[in-house]
1. For the list (1) away from chain B (no Cβ under 14 Å); (2) part of a helix (DSSP H, G or I); (3) in contact with a helix residue (DSSP H, G or I) (Cβ under 8 Å, 6 or more places away or on another chain); (4) surrounded by fewer than 21 Cβ atoms within 10 Å (Cβ to Cβ), I need the number of the one condition that A:PHE341 fails.
2. Within the bounds of segment A:307-317, is there any residue that is modelled with pLDDT of 85 or more, part of a helix (DSSP H, G or I) and over 12 Å from the mean Cα position of the chain (by Cα)?
3. Filter segment A:13-56 down to residues that are over 26 Å from the mean Cα position of the chain (by Cα) and over 28 Å from A:PHE274 (Cα atoms) and give me whichever is farthest from the other protein chains (Cβ to nearest Cβ).
4. Looking at segment B:77-87, can you tell me whether even one residue there is at pLDDT below 90, surrounded by 10 or more Cβ atoms within 10 Å (Cβ to Cβ) and either in contact with a Phe, Trp or Tyr (Cβ under 8 Å, 6 or more places away or on another chain) or under 26 Å from A:PHE248 (Cα atoms) (or both)?
5. Could you check segment B:94-180 for helices (runs of 4 or more DSSP H) lying wholly inside it with 3 or more residues that are at pLDDT 90 or above?
6. Between a residue in segment A:62-73 that is assigned to a helix (DSSP H, G or I) and any residue that is of a type in the set (Lys, Arg) and surrounded by 14 or more Cβ atoms within 10 Å (Cβ to Cβ), which pairs come within a Cβ distance under 9 Å, given they are 6 or more apart or on different chains?
7. Please specify each residue of segment A:3-14 satisfying the condition of being loosely packed, with under 11 Cβ neighbours inside 10 Å and either touching a residue at least 12 places away in the same chain (Cβ under 8 Å) or under 16 Å from A:LEU133 (Cα atoms) (or both).
8. Would you confirm, using the coordinates I've provided, whether A:GLY150 is touching a residue at least 40 places away in the same chain (Cβ under 8 Å), within 24 Å of A:ILE361 (Cβ to Cβ) and touching a Ser or Thr at 6+ places or on another chain (Cβ under 7 Å)?
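The values are calculated or read from the model by the stated rules, or taken from the named source; none is laboratory data. What you see is a predicted model; the values in this text were computed from it and never measured. In this analysis, Cβ positions are derived from the backbone assuming ideal geometry, glycine residues included, and neighbour counts consider all displayed protein chains.
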Amino acid sequence: MFDFFFQLHPVIQGLAKGLAVIMVIFPIAGACSMAERKVAAWIQDRPGPNRAIVPWVAWIPFFGKFLQRLGIFHVMADGGKMLFKEDSLPGHVNKFYFILAPIVAMIPALTTVTAVPFGAYFDSAGKVITLGLAPLDIGMLAVFAVSSLGVYSAILAGWASNSKYPFLGSVRASAQLISYELSMTLAVLPVFLWVNAPGLPGTMSFGRVVEFQSQPGFLGGMWFGFLMPLSAFIFLVALFAETNRQPFDTVESESDLVGSFHTEYGAFKWGLFFVAEYSHMIVGSGVFMLLFGGGWNPLPWVSLAMAVDWLGAILPFAHAPLFVGVLSIAIFLGKTLAMIFFFMWVRWTLPRFRYDQVMKIGWQKMLPLSIANLLFYAIAIAVLQK
Amino acid sequence: MAVITVERKPLTFLERTYLPQIAGGLATTFKHLIAPKKTLEYPEQRPAIPPGYRGVPTLVRDPNGREKCVSCQLCEFVCPPKAIRITPGEISADQTDRAHVEKAPQAFDIDMLRCIYCGLCQEVCPEEAIFLQNQYSMSGYTRAEMVNHKDKLYELGGTLPDQHYKWDQKKNAQDHGNAH
């Protein structure tokens, strides 16, 4: 069915896949900004934005009203506003770096997506083939390496803005990123120690991690979130800090830094920072789900293969690679979106940590904890996998 | 008063990890997430106006449909921001039963851009002819639109019950002598 696609030049194939992923990520980032407003409203006992509607949708009797109440069309209204308002360039900024910063923000945000697989299917031999833009063997390393480049945009923006608050914000951003990067990396190591079992080729790929979470048996079907709860917890907290989300959003803290590094930005350039932030969140949530949440397996101890077998009893086409691929992508996206909801839920629950508390938690609590965690699992894995 | 020294307990280990409090907070916010919403969606849903509310000042008629204002101009004089402007006039000849009232406003303008909704006009009116009623939303595109003329004031005011029928009693007393 898709033979013509595989006969295309690899570069064109890659471009098509990349565009397809961007076409998914961008609307999700837009929808996230809307969801953020809605979740905020619901938690505060408000209905949230629910007025904008496209005239011809209003003609649909019941569904149109439902979409309007859901605030779907405010996404378009927001986007349209951001596109068409005046894109002002303050007179006191370094123009080159000022314009470069939002672009630099987008590049790592979208580059990390390439290393994250988002689904899988079984070929005729029953072998698992992961779906992803680049099935890299160094998956986790690539994500860590590229995602930490994101801080350069904050630093560039803060410095080019030639203004105190953005500058302070960018200094905070770099300090915070370095502090939590350490414990994040150390928290992930036990997973890869476990995955690189003796006798298997060494790898840092996510495919192997998910494969290990979809094995039969009690220990095999267990998601790493249950097997290594402390790792998952440290990774989650560090993820909140890395994506500058509440309660670790000292970088953007409106009350003391106005708008931090994007104080001087407006219109579409500001929008790029915004999309980059949400892309980071999406990729971060995806990585968390791959490492600790079972990837595209529907439930703990229920792997994708088992689910497909069960569905096969009802649906004749359940074993078709296309169906399995779409199903796995849907499961994975659903989990990622649930994770993003959790981000928002936490944001509207917790107050912001003070900057000194952020540093104290990062260096005096998270780092020792993650080192102890690594030592414990290193010894445990050495004993178990001997 | 005796000073009671309250011992401040040091935080327990669990409290210092923040985690139980975070979980509690998440539970609270989730309850609100699914709770019924408290917003009054304004143009469709209107608030209940409490009694004694001071809305837009209006002129009222008595239950017989006659105008009550006698253009004594007390409201015009008492109005702190000078929002009221009255041009006094005669009662028209065809209203024979009201000839003894002598005066009625020829024009009665309230500039709603000046009005401060203080209610002094209602308080000072000896005829109970001007009332601040329930209308709370006034808008217009021009300054001229924001001036309520006499017709508009009567339209907004409508009819309110009258306990005295002051001028009917006066006429009765004049015609039939005082009952006392």
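1. Single failed check for A:PHE341: (1).
2. No, that holds for no residue.
3. If we take residues in segment A:13-56 being over 26 Å from the mean Cα position of the chain (by Cα) and over 28 Å from A:PHE274 (Cα atoms), then A:TRP56 is farthest from the other protein chains (Cβ to nearest Cβ).
4. Taking every residue of segment B:77-87 in turn, none turns out to be at pLDDT below 90, surrounded by 10 or more Cβ atoms within 10 Å (Cβ to Cβ) and either in contact with a Phe, Trp or Tyr (Cβ under 8 Å, 6 or more places away or on another chain) or under 26 Å from A:PHE248 (Cα atoms) (or both).
5. Of the helices (runs of 4 or more DSSP H) lying wholly inside segment B:94-180, those with at least 3 residues that are at pLDDT 90 or above span B:120-124, B:150-157.
6. As it stands, the answer is A:LEU70/A:LYS38, since those pairs meet every condition given.
7. A:PHE6, A:HIS9, A:PRO10, A:VAL11, A:ILE12
8. No.
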